[in-house]
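Working notes for the structure below.
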Amino acid sequence: MSKPTFYITTPIYYPSDKLHIGHTYCTVATDAIARYKRLTGYDVMFLTGTDEHGQKIEEKAKEAGVTPQEFVDRIVTGKCGILDLWKLMNISNDRFIRTTDDYHVTSIQRIFRKMYDNGDIYKGAYKGKYCTPCESFWTESQLVDGKCPDCGRPVHDAEEEAYFFRLSKYAKPVQELLESGEFLKPASRVNEMINNFIKPGLEDLCVSRTSFTWGIPVDFDPGHVVYVWVDALFNYATAMGYMNERYDDYARYWPPVNIVGKEIVRFHSIIWPAMLMSVGEPVPKQVYGHGWLVIDGGKMSKSKGNVVDPYVLAEKFGVDALRFFLLRTFPFGSDGNFSNELLINTINTDLANSLGNLVSRTTAMIEKYFGGTLIPEREAEAMDEELVEMIRGTAEKYAAQMDAFQLHLGLEEVFRLIQRANKYIDETAPWVLGRDETKKARLATVLYNLLEALRVSLILLTPFIPESCDKAFVQIGAEREARTWAAASEYGVLPADVSVRKGETLFPRIDTAKMLEELEKLHQTAKKPESKPVLPDVTIDEFARCDMRVCKILRCEAVKKSEKLLKFALDDGSGTERQILSGIHKFYEPEDLVGKKAVAILNLPPRKMMGMESNGMLLSAVKEIDGKEVLHLMLVDDDVPVGSQLC
Ligand code: MSP
C-alpha cells in the first residue's frame, strides 16, 4: 500500500542579507514537523528556498557593486550562506527552490499569462504620489508632511501603466475559506484577516512594476516585471512541476501546508488562495502563521550583533541543543523573547539534567551492576505500573500535539515521561538494590524500565534532535526496529538481555556565567561597525572631474516646513555667494556651523529642493553604527584657504 503524502513548506527567504536565528527558527520548526510526519509513515515532501527578485535586492547589489545574480549567489550558495546554514542545522528538506531558477521563471510567465487570458489580470493605471528625483511612487499615508519621505521634496499625482489582479472578485470565497476554520491557523489569525483586510474591502492588486528590472519579465509586455509576491507565492507550486517540465510531483503532493511567519499571513491567506482560485487549483491544506522571536521585546536586526547569528549559536551550543531550545521554549503560534540566559537554562535543565543524566545514570548502573548486559530475569512491582503506562501512552498524546503543530506541547509530553523516569530512580533506589544479591532480578527490572522509558522518549525526540537521538539509541542498545513509530507505544521492545554501551556525554552542562561572558565578548566584537565593500574602480580622470573645494559657511538657516533641510550661503572663493541645500538638520543646528569651513562638490547639476536651488553638495562622512546613521560634515581647519581644491 502506498504511503499517504504530506507536503510542507517554509517561506522562501530573501537573500538580501545573512539569515538570523528568526529564519532558523521557522526552518527548524518546519523540519521537525517534516521529520515527525516521516516518522509516522508519511511520504513527505519538504520544500524551502529563496525569494531572489525585487527592488531591494537590486539596490543591495548596486551598493555592493555586483550584479543582482552575483549578489544572491553569494548569499545563497557562498560560504556560510543559506544552503550551508541549512546543512549545518541538519534540515531535511527534499527540495530547494530559487526564484531565479529557469523553470520557475518560465512557470511564472505562464501563470501570469493564464490569469491574463482568463481576465483576472488586466492592464490599468497605478495612481499614486510621485517624487520625480527619487523616481518613486508613494501612497498618501507614506508621505511625511505631504512630501517625499526619502528626500523631503514635493510629490505630485501621477499614473503609471501597470497590471492588476482582480483580488476584489475573490473577497467572498476567500472570506468563506478563512471562516471554514481549517485553512488558517492558529485560529486567532482568522479574525485579524477578516476584520483588517476583507471587511474594509479588498482592492485589486497591482501585480507588475516598471520602475526596476530585477524581476521576471511579463513576456507579452517586456517593460513590466511581475510583482515579487506573485513570483514568490507560486514557488510552492512550480517547485512541484506546476506549469513546467522540470518536475513531475504536483499531482502527488499538492496541496501543501504552508508554514509562514505572522507578518506574511496576509499574503498567504488572502492573495495566495485568490490566485490559486483564479488558475483553478486547490488552495493550501493549511496556512500556519507562527509567531516571532524578538529580543528584549524588539525586532531582530543585524545591529543586535552576532548573538542572533545561528552559526555562532550552533558553534557555541551544538546544533541539536539549539534546535531543541527553539522548539521547546516558544509556543509556535506566539511571539517569544529570545535570550542567551533562557537558552542556557533550557539546555541545562532539560538536556543536561533531565535527559542527559537519565541516559548516563541508567547506562552507568547497567555497567556497574551487570557488566553492561542485563540478566533476563524479572521481578515487577506495583510501583512500576505508572511508568509502564506512560511508556505505552505518551506517543499518542504527543501525536495529538504534533498534529496540531504544537511542538512545545509535544515536547512537554516527552519530558513528562523523562521526569517520571527520573523520579522512578529515586523511588526504586537501584543503588540499594545493587547491594543485595537476592534483588538482582528486581534491579534488572528497574533498569530495563528506565531503558524502555528512554527508548520511547528518544523516538519522540528524533524529529527535534536527530543526531543526539541516534547516539543515545546506540548507548541504550536500541536497534533499528526498536526505534520505529509503532514501537513508540509499546512496552517491552528491547531484548530482555539488552546490552548497553557507554558513550560520550550527550549534553554537557554549560557554565552559565562563563558562557554569558564569552557571548558578551562576541557581541561587542560584532557590534564593531562593518565596513561597506569598496565600490568598483574609477579612473583618475573620472575622479579629477569632481570639483571639490573648501568653502566658508557665511550663513545657515533651517528650511521652513522641512525637518531635514538646511540652507547654506557659502564663500567658495569665486567672489559670488553659492547656495547649497543639505539634508543634515538632524545632525547640526545652523548656529553651530556659521563661520566654519567645509568641503563641497561644486559641479553637480543644480537641483531644486522645496522650491529652492541647490548648487552643489556639502561632503559628509557617513557611517551606520548600531543601526543608526552617524554623520559628520567634512570640516577643515581654519587656516586652509577658501577655494582650495581637493585633489
Ligand atoms: N520572501 C518573503 C517570503 C515569501 S514566501 C512566498 C519573506 N522573506 S523573509 O526573508 O523576510 O523571511 C520571512 C520569514 O522568516 C518569516 O515569515 C518568518 O517565517 C521568518 N522570520 C524572520 N524573522 C523572524 C523572527 N524574528 N522570528 C521568527 N521568524 C522569523 O518574507
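List of remarks:
- Set Lys561, Lys567, Lys502, Lys521: member being farther than 15 Å from Leu618 by Cα and outside any loop (DSSP other than H, G, I, E, B): Lys521
- Scan of the range 466-488 for residues that are closer than 17 Å to Ile366 by Cα, in a loop (DSSP other than H, G, I, E, B) and open to solvent by 10 Å² or more (accessible area, probe 1.4 Å), ordered by number: Gly477
- Selection status of Leu343, more than 14 Å from the ligand (Cβ to nearest atom), touching a helix residue (DSSP H, G or I) at 6+ places or on another chain (Cβ under 9 Å) and open to solvent by less than 40 Å² (accessible area, probe 1.4 Å): yes
- Candidates Glu192, Glu161, Glu179: the one that is among the charged types (D, E, K, R) and farther than 30 Å from His290 by Cα is Glu161.
- Residue selection: Lys147 satisfies the criterion of being crowded, with 18+ Cβ neighbours inside 10 Å and either farther than 23 Å from Trp214 by Cβ or touching a residue at least 60 places away in the same chain (Cβ under 8 Å) (or both).
- Only one of Ile33, Ile8 that is farther than 25 Å from Thr100 by Cα and open to solvent by less than 20 Å² (accessible area, probe 1.4 Å): Ile33
- When the range 1-26 is filtered for residues that are near the ligand (Cβ under 10 Å from one of its atoms) and closer than 18 Å to Gly78 by Cβ, the ones remaining, listed by number, are Ile12, Tyr13, Tyr14, Pro15, Ser16, Asp17, Leu19, His20, His23, Thr24.
- Lone unmet requirement of (1) touching a residue at least 60 places away in the same chain (Cβ under 8 Å); (2) of a type in the set (Ser, Thr, Tyr); (3) more than 13 Å from the ligand (Cβ to nearest atom) for Thr329: (3)
- Exactly one residue out of Val287, Val279 is more than 26 Å from Asp84 (Cα to Cα), β-branched (Val, Ile, Thr) and away from the ligand (no atom under 14 Å from the Cβ): that is Val279.
- Yes/no for Ala29 being of a type in the set (Gly, Ala, Ser) and either within 16 Å of the ligand (Cβ to nearest atom) or under 21 Å from Val218 (Cα atoms) (or both): yes
- Among the residues listed as Val319, Val308, Val283, the single one being farther than 25 Å from Val207 by Cβ, β-branched (Val, Ile, Thr) and open to solvent by 20 Å² or more (accessible area, probe 1.4 Å): Val319
- Verdict on Val446 being under 19 Å from Asp350 (Cβ atoms) and of a type in the set (Val, Ile, Thr): no
- Any hit, the range 496-515, residues being over 32 Å from the mean Cα position of the chain (by Cα), basic (Lys, Arg), open to solvent by 60 Å² or more (accessible area, probe 1.4 Å) and at pLDDT below 95: yes
- Whichever residue in the range 325-340 is assigned to a helix (DSSP H, G or I) and of a type in the set (A, V, I, L, M, F, W, C) and, among such residues, is surrounded by the fewest Cβ atoms within 10 Å (Cβ to Cβ): Leu327
- Yes/no for Val174 being within 26 Å of the chain's Cα centre (by Cα), closer than 28 Å to Gly280 by Cβ, β-branched (Val, Ile, Thr) and open to solvent by less than 40 Å² (accessible area, probe 1.4 Å): no
- Subset tally (residues that are of a type outside the set (A, V, I, L, M, F, W, C) and at pLDDT 95 or above) for the range 59-73: 5
Listed here are the residues, each with its yes/no results for (1) of a type in the set (Lys, Arg); (2) exposed (fewer than 11 other Cβ atoms within 10 Å of the Cβ).
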position	(1), (2)
Ala600	no, no
Arg607	yes, no
Ser614	no, no
His632	no, no
Asp638	no, yes
Val642	no, no
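- Yes/no for Phe212 being in contact (Cβ under 8 Å) with a residue 24 or more places away in the chain, away from the ligand (no atom under 16 Å from the Cβ) and either of a type in the set (S, T, N, Q) or open to solvent by 20 Å² or more (accessible area, probe 1.4 Å) (or both): yes
- Where a residue in the range 224-241 is within 8 Å of the ligand (Cβ to nearest atom) and its partner, wherever it lies, is among the aromatic types (Phe, Trp, Tyr) and at pLDDT 95 or above, with Cβ under 7 Å and at least six apart: Trp229/Phe267; Leu233/Phe267; Leu233/Trp272
- Extreme residue, surrounded by the most Cβ atoms within 10 Å (Cβ to Cβ), among residues of the range 63-88 that are among the acidic types (Asp, Glu) and free of Cβ contacts under 8 Å to residues at least 24 places away in the same chain: Asp73
- Scanning the range 35-62 for residues that are of a type in the set (Gly, Ala, Ser) and either near the ligand (Cβ under 10 Å from one of its atoms) or free of Cβ contacts under 8 Å to residues at least 60 places away in the same chain (or both) turns up Gly49, Gly54.
- Residue in the range 452-465 that is open to solvent by 10 Å² or more (accessible area, probe 1.4 Å) and farther than 21 Å from Glu377 by Cβ present: yes
- Scanning the range 128-162 for residues that are more than 33 Å from the chain's Cα centre (by Cα) and outside any loop (DSSP other than H, G, I, E, B) returns Lys147, Pro154, His156, Asp157, Ala158, Glu159, Glu160, Glu161.
- Filter result (open to solvent by 50 Å² or more (accessible area, probe 1.4 Å), in contact (Cβ under 8 Å) with a residue 24 or more places away in the chain and in a loop (DSSP other than H, G, I, E, B)) within the range 570-585: Gly573, Ser574
The values are calculated or read from the model by the stated rules, or taken from the named source; none is laboratory data. Quick caveat: nothing in here was measured; it's all calculated off a predicted structure. Note that we place each Cβ from the backbone using ideal geometry, even for glycine, and neighbour counts take in every protein chain shown. Surface accessibility is based on the protein's heavy atoms, side chains included, excluding ligands, DNA and RNA. Shrake-Rupley method; radii C 1.70, N 1.55, O 1.52, S 1.80 Å.
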